[in-house]
1. Evaluate the following for Thr89: is it hydroxyl-bearing (Ser, Thr, Tyr) and modelled with pLDDT under 65?
2. Being basic (Lys, Arg), in a helix (DSSP H, G or I) and either more than 20 Å from the chain's Cα centre (by Cα) or at pLDDT below 80 (or both) narrows it down to one residue among Lys3, Lys44, Lys30; which is it?
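The values are calculated or read from the model by the stated rules, or taken from the named source; none is laboratory data. All values derive from a computational prediction rather than experimental measurement.
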Amino acid sequence: MKKTFLCAATLMTATLSLTPALAEPGGCIKGGAVGAVAGHFVGKGHAKMGAAGGCAAGMSRRHQARKEQREAEKQQKAQENSQNNQNSTQSMTPNNPTGNSSEHPPQQ
């Protein structure tokens, strides 16, 4: 029994260590758990109200963090686009009506 439990625990640990960890703030589960614990210490019957309030606060916090992340990605793309536009305009050569380039002067 101990060997089976040890093997299962080792397999689960290995599986969890291979998956990337996403660190997102807040959320209903996290906020609800914190609110329930806080409500429990406040007094009888307050755990459910604390869980509901914590869930709402956690969801609000997560929504705000995702919104800020989207805005940061949007700004980064705009900055990359402006840099690409500057590079493309600098690499363009000016119009030369004679057809001679500045690298090769006309031969006499």
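1. Spelling it out, it is not the case that Thr89 is hydroxyl-bearing (Ser, Thr, Tyr) and modelled with pLDDT under 65.
2. Lys3
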